[in-house]
1. With away from chain B (no Cβ under 11 Å), surrounded by fewer than 16 Cβ atoms within 10 Å (Cβ to Cβ) and either polar (S, T, N, Q) or under 18 Å from the mean Cα position of the chain (by Cα) (or both) as the only criterion, which of A:98, A:77 stands out?
2. For region A:49-68, how many residues meet the condition of being within 15 Å of residue B:157 (Cα to Cα) and buried (at least 19 other Cβ atoms within 10 Å of the Cβ)?
3. Working only within region A:34-62, note down all residues that are facing another protein chain (nearest Cβ under 7 Å) and among the hydrophobic types (A, V, I, L, M, F, W, C).
4. Just wondering, is there one or more residues in region A:13-36 that are in contact with a Leu (Cβ under 6 Å, 6 or more places away or on another chain), of a type outside the set (Phe, Trp, Tyr), at pLDDT 85 or above and open to solvent by 20 Å² or more (accessible area, probe 1.4 Å)?
5. If the requirement is being at pLDDT 85 or above and under 27 Å from the mean Cα position of the chain (by Cα), which of these qualifies: B:107, B:147?
6. Report those helices (runs of 4 or more DSSP H) wholly inside region B:60-179 carrying at least 2 residues which are within 14 Å of another protein chain (Cβ to nearest Cβ), of a type in the set (Val, Ile, Thr) and touching a residue at least 60 places away in the same chain (Cβ under 8 Å).
Amino acid sequence: MNLAKHDSETDMEMDMTPMIDVVFLLIIFFMIITDMTQQDLEDVDLPVAEHAQPDKPDPKEWRPVINVPHDGTMIIKKKTYFDPDVNLGPEKWNDLDKWLKFAADNMEKAPIAPGSNVNVPDEPVLIRADQVTPFKYVQYIMERCGQDGTQIWKLQLAVSTPDTNEGGE
Amino acid sequence: MAKKKGSALREIMNEKCELQMTPMIDVTFLLLIFFMCTLKFKVLEGKLGAYLPKDVGVNTSQAEPVEKVDIRLDVLQPGTKMRQTRDGLVPYTDEDIAANRRFVYSPGTRKIRYTVGTKRTTELPEVVKSLKAFIKADPEKKATIDPRTDINNLDVVLVLDAAMDAGYTDITFKGSFER
């Protein structure tokens with residue numbers, strides 16, 4: 001019986017091409033399903049509301065999102081702009097005010113009333129507060145939004161829908 | 001000499017020209033691991049729209065006062081004190097008190113009094129009923145939510161949701177902010 005002899009000079013090479021193909025496909029898959037707009041969203045337990053509109057943001061468009069976890073800290077894009085334990089004193093709102101002013105400047109404007117030449121921002125700020133967050137922290141944001149020079153008057157409160165909750169969020 | 005040169009050239013020509021794949025595969029795997037680790041499945045959230053008084057801080061408009069239904073929220077029973085952890089709410093113990101840790105009120109154990117216009121109730125369906133009666137009389141009716149001390153986000157969202165259920169689209173928050 002003539003068994004194939006192992007030739008020490010023959011290179012034993014694994015064909016890497018199918019593996020690289022699969023790995024590239026996996027990378028493309030993960031790149032597509034990874035939604036970078038979700039990076040703004042902190043892990044908070046949102047209250048459930050039945051009559052909410054589904055939130056489908058355009059990934060190409062910037063939108064202001066303020067996260068307020070249960071302890072009242074205000075987090076925007078992973079950065080804390082207000083912490084009730086740290087930010088004390090008269091300048092405690094400086095960071096948030098600056099950011100809100102920046103947000104207001106980047107929003108589309110509309111007249112405050114028909115025929116008026118005073119324009120105010122016409123886009124909403126999304127507030128993502130935990131269900132157990134004391135509402136006074138959301139009210140503080142509202143107060144800062146209404147400041148002269150910012151005048152953001154449209155708000156959205158993030159909620160989870162009953163369907164999302166059933167899915168074992 | 002010439003023979004030697006010729007054989008060296010042949011050797012070079014016979015050598016396989018191979019692309020070094022190892023670094024590329026390394027980088028590719030790193031990318032794959034990165035995407036797998038940062039993967040966060042998109043959870044569809046909802047949003048409830050609300051408004052602030054439009055002319056706050058401007059004082060140039062002479063808006064006519066609009067009569068709105070006032071929904072006031074007062075806490076009757078704040079509920080059980082709990083501590084928020086990564087795994088959810090856990091009972092607030094003496095140890096937490098000693099360490100002066102933050103607490104939250106358990107949503108299920110709270111009792112809120114809703115005042116819609118002049119009617120007081122602790123039941124949300126009653127709130128919807130009262131709000132529907134107002135909007136039936138005046139379809140253009142607007143609502144204002146007035147949350148008082150110790151009200152939390154869930155309490156407000158439930159009322160906002162109830163107002164939307166009753167058919168209100170223009171809901172504002174009252175400017176009496178808690179100090």
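The values are calculated or read from the model by the stated rules, or taken from the named source; none is laboratory data. Note that the structure is predicted; figures quoted are calculated from it, not measured. Here the Cβ is made from the backbone with ideal geometry for all residues, glycine too, and neighbour counts use every protein chain on show. Heavy atoms of the whole protein, side chains included, go into the accessibility calculation; ligands, DNA and RNA do not. Shrake-Rupley method; radii C 1.70, N 1.55, O 1.52, S 1.80 Å.
1. One residue alone meets the criteria, A:77.
2. 3
3. Narrowing region A:34-62 to residues facing another protein chain (nearest Cβ under 7 Å): A:34-35, A:38, A:46-47, A:49-55.
Those that are facing another protein chain (nearest Cβ under 7 Å) and among the hydrophobic types (A, V, I, L, M, F, W, C): A:46, A:49, A:52.
4. Checking region A:13-36: at least one residue is in contact with a Leu (Cβ under 6 Å, 6 or more places away or on another chain), of a type outside the set (Phe, Trp, Tyr), at pLDDT 85 or above and open to solvent by 20 Å² or more (accessible area, probe 1.4 Å).
5. Only one candidate qualifies: B:147.
6. B:153-166
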